[in-house]
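Right, one structure below, let's go through it.
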Amino acid sequence: MNSNAKDDSKMGARDDRWYLSIMSPNTKGDKFAWLDPTSIYINSKAFSDLLDDLEADLTNVEFDVVAGLDAMGFVLGAGLAARRNVGFLPIRKAGKLCVDTDSVEFGNYSGRIQDMEMRTPAFPAGTRVLLADQWVETGGTMDGAIRLVERQQGVVAGMAAIAIEDNERTQGYRANYPCVSAVVPGSKWQAQCNAQFLESFNDYNAANTFPNAGRV
């Protein structure tokens with residue numbers, strides 16, 4: 001059963017997610033992602049609330065290690081690993097690791113073809129791996145990570161992200177794995193993410209992202 005199903009009855013209570021409104025819009029053009037969620041990480045209250053929400057949704061998901069996808073998945077993945085008291089495994093863009101690796105080719109959100117790699121051996125066969133990335137847009141990066149984990153006979157235990165946009169590939173992920181995201185499926189935030197424009201962009205204020213700004 002998809003872990004998100006248990007949340008449907010709580011949608012109204014869980015739809016606040018105030019920290020999503022401090023994410024900043026893209027100011028540099030089409031070669032970059034359409035928004036920047038890193039302002040959540042630098043704001044201590046926002047980052048703590050983000051991890052609280054994801055950890056709550058992962059209560060019934062069992063995993064032995066969190067694998068973070070290069071690069072911002074490192075931040076989210078390491079935070080979740082520390083909360084659950086499990087190990088953290090970086091899955092990196094090719095050419096960064098100084099140990100033996102396995103690599104795969106994938107297409108990222110911009111349509112570029114890249115390679116990603118994972119140390120080998122990374123874990124014993126049967127290890128349950130939670131995949132963490134900052135944002136799942138086209139799903140190509142996540143697909144590469146799945147292949148790397150399964151090549152070493154690991155088990156993909158689920159996926160975690162700030163947001164998982166709604167498209168054919170991500171619908172397949174939700175059908176096959178427990179998928180949790182700060183952006184709750186069916187919420188106003190999901191609709192805005194699918195449209196790749198947040199209403200909060202209209203009155204975005206960088207000062208709201210400063211460390212310790214936000215709710216008490």
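Out of all the residues in the stretch 28-73, which are among the polar types (S, T, N, Q) and more than 21 Å from Arg174 (Cα to Cα)?
Within the stretch 28-73, Thr38, Ser39, Asn43, Ser44, Ser48 qualify.
I need the full set of residues from the stretch 90-122 which are buried (at least 19 other Cβ atoms within 10 Å of the Cβ) and part of a loop (DSSP other than H, G, I, E, B), in order please.
Ala122
Could you please find all residues in the stretch 60-89 being without any contact (Cβ under 8 Å) to a residue 24 or more places away in the chain, within 15 Å of the chain's Cα centre (by Cα) and outside any helix (DSSP H, G or I)?
Selection gives Ala71, Phe88.
Within the stretch 193-202, does at least one residue satisfy the condition of being closer than 12 Å to Met23 by Cβ, among the aliphatic types (A, V, I, L, M) and surrounded by fewer than 12 Cβ atoms within 10 Å (Cβ to Cβ)?
Scanning the stretch 193-202, I find no residue that is closer than 12 Å to Met23 by Cβ, among the aliphatic types (A, V, I, L, M) and surrounded by fewer than 12 Cβ atoms within 10 Å (Cβ to Cβ), so the answer is no.
Quick grid of which residues meet (1) farther than 17 Å from Val184 by Cα; (2) of a type in the set (Ser, Thr, Tyr); (3) modelled with pLDDT under 95:
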{"position": "Asp15", "(1), (2), (3)": "no, no, yes"}
{"position": "Ser21", "(1), (2), (3)": "no, yes, no"}
{"position": "Asn26", "(1), (2), (3)": "yes, no, no"}
{"position": "Leu51", "(1), (2), (3)": "no, no, no"}
{"position": "Leu54", "(1), (2), (3)": "no, no, no"}
{"position": "Asp64", "(1), (2), (3)": "yes, no, no"}
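Could you check the stretch 122-157 and list, in sequence order, the residues that are of a type in the set (Gly, Ala, Ser) and touching a helix residue (DSSP H, G or I) at 6+ places or on another chain (Cβ under 7 Å)?
Scanning the stretch 122-157 gives Ala132, Gly139.
Which of the residues belonging to the stretch 101-146 are under 26 Å from Phe32 (Cβ atoms) and aromatic (Phe, Trp, Tyr)?
Phe106, Tyr109, Trp135
The values are calculated or read from the model by the stated rules, or taken from the named source; none is laboratory data. Since the model is a prediction, treat every value here as computed from it, not as a measurement. Glycine gets a Cβ as well: all are built from the backbone with ideal geometry, and neighbour counts include every protein chain shown.
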